[in-house]
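This report refers to the structure that appears directly beneath it.
The values are calculated or read from the model by the stated rules, or taken from the named source; none is laboratory data. Computed from a prediction, not measured in an experiment: that's the story for all the values here. Neighbour counts are summed over all protein chains in view; Cβ atoms, including those assigned to glycine, are modelled from backbone coordinates with ideal geometry.
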Ligand code: ASP
C-alpha cells in the first residue's frame, strides 16, 4: 500500500515569488505548483496532502506560537499519515526543528524539515530535490525522529545549524554524524543515537512563552550592560562562551551577575561559540568559575537546541533543579554527555 505523507507548508523561500519588495510568500499558490511536478506525483512516491499556514511566513517571523501550531498539526494528524514534511524558511529552520524534536515526546514517525535557498519558480532551484527526497524519506519511515534534509544530507533536527547564507548545502550538523546521504540512492547511516521504539504514545507539549536570553561573549564585553536583564522574569539564558566554556577574567562583573541569575532561579546554560567540540566546565580556571556560580553545561549542544530545550523544559512544570539536571542530559540526541566520545 502507498504510504501517506502530510506536507505542512509554513512559508519560506521555497514557495516565494518575486514582488517589488523582494521575495515574499504567496497564499493559495504552492499546492498547484506542487501538483505540476511529475516526480512528486509519480506512483512510486508516497501519496501526499498539504496544509498551508495562513499567513505564510518568512521564518524570521516564526517563534513559539508557530512551533506550537506545527507540533499540534503533527500530533492531531499522527495516526492518519506515515510521515510528515515541514516546509519552512531556512533562516530559523534549525530552531524550529530543534523545538519540534523536544515538543513531540515518544515520536515514532519521520518528521522531515526542508526548504530551499532558491524558490521553486526560479531557474536552478534546489526546491525540487529537497522536497521530493524529504517526502520519500518521510514515507520510508527508516528514521523515526525529527530531521532536517537539505542539499543531499539528512541530519538530526536538534543538532544542525544554518551554516551558509547562500550555499545550496546550507545546513551542517557539526557535532553529530549525519543520518543519511542522498546521492544516487538514499544511504542511511547507522544512527549515532539509536532510537528504541517508544513505550508510550505520542505526547505534545505546548510551549510557554518563557523569557529566554542568549549572550555571545566577545573580547572586551562589559557584563554590567547585561545586569538589567537579570531579573526573576528571565527564566533561562544561554551563554555562548569561548572554546570549551571559557569567559574573560578581566571583568569582575560577570560572576556576580551569574550568581544573581542563580539566586533568581534563572537557568544559565554554557554553550560554545565553536561549532565542533564540547564545553568542559572546569577544564580551565576561566570556566570553573561559571560552574561554581551555578551554571550548567550545554556540552556540545548547538545554541539553537539549547534555546529550544530551555523553552521545552520550562513548559513542563519541573523544578529548577530538575531542569538543570535535564539540560545536561541527552534527551533527543542533541548532545553527547561524555566529551571524550566527541573526540574519539
Ligand atoms: N528568509 C527566508 C526564510 O527563512 C530564507 C529562506 O527561506 O531561505 O523564510
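The residues of the stretch 320-339 that are within 21 Å of the chain's Cα centre (by Cα) and not in a loop (DSSP other than H, G, I, E, B), listed by number, are 323, 324, 325, 326, 327.
Filtering the stretch 1-37 to residues that are assigned to a loop (DSSP other than H, G, I, E, B) and within 25 Å of residue 68 (Cβ to Cβ) leaves 12, 26, 27, 28.
Of the residues making up the stretch 218-233, not a single one is at pLDDT 95 or above, under 30 Å from residue 251 (Cβ atoms) and surrounded by 12 or more Cβ atoms within 10 Å (Cβ to Cβ). Residue-level check: of (1) closer than 30 Å to residue 201 by Cα; (2) within 16 Å of the ligand (Cβ to nearest atom), residue 23 misses just (1). Taking the numbered list (1) under 16 Å from residue 213 (Cα atoms); (2) surrounded by fewer than 17 Cβ atoms within 10 Å (Cβ to Cβ) in turn, residue 327 passes all entries but (2).
Filtered by the rule that a residue be touching a strand residue (DSSP E or B) at 6+ places or on another chain (Cβ under 9 Å) and within 16 Å of the ligand (Cβ to nearest atom), the stretch 1-20 gives 7, 8, 9, 10, 11, 12, 13, 14, 15, 16, 17, 18.
Restricting attention to the stretch 97-130, the residues that are more than 29 Å from residue 199 (Cβ to Cβ) and more than 13 Å from the chain's Cα centre (by Cα) total 16.
Please work out which residue is farthest from residue 211 (Cα to Cα), limiting yourself to the stretch 275-292 and to residues that are touching a strand residue (DSSP E or B) at 6+ places or on another chain (Cβ under 8 Å) and surrounded by fewer than 24 Cβ atoms within 10 Å (Cβ to Cβ). Of everything passing the filter in the stretch 275-292, 284 is farthest from residue 211 (Cα to Cα). For the stretch 171-184, the criterion of being within 30 Å of residue 282 (Cβ to Cβ) and within 16 Å of the ligand (Cβ to nearest atom) is satisfied by at least one residue. Somewhere in the stretch 34-43, is a residue surrounded by fewer than 22 Cβ atoms within 10 Å (Cβ to Cβ), out of contact with any helix residue (DSSP H, G or I) (no Cβ under 9 Å at 6 or more places or on another chain), modelled with pLDDT under 95 and over 23 Å from residue 165 (Cβ atoms)? No, the conditions are met nowhere in the stretch 34-43. Of the residues contained in the stretch 78-96, none is found to be in contact (Cβ under 8 Å) with a residue 24 or more places away in the chain, over 30 Å from residue 195 (Cα atoms) and in contact with a strand residue (DSSP E or B) (Cβ under 8 Å, 6 or more places away or on another chain). Pairing each residue of the stretch 1-19 that is on the phi > 0 side of the Ramachandran plot with any residue that is at pLDDT 95 or above and assigned to a helix (DSSP H, G or I), provided the two are 6+ apart or on different chains, yields C-beta distances under 6 Å for 12/59.
Across the stretch 297-319, the number of residues qualifying as at pLDDT 95 or above and either part of a helix (DSSP H, G or I) or surrounded by fewer than 24 Cβ atoms within 10 Å (Cβ to Cβ) (or both) comes to 16.
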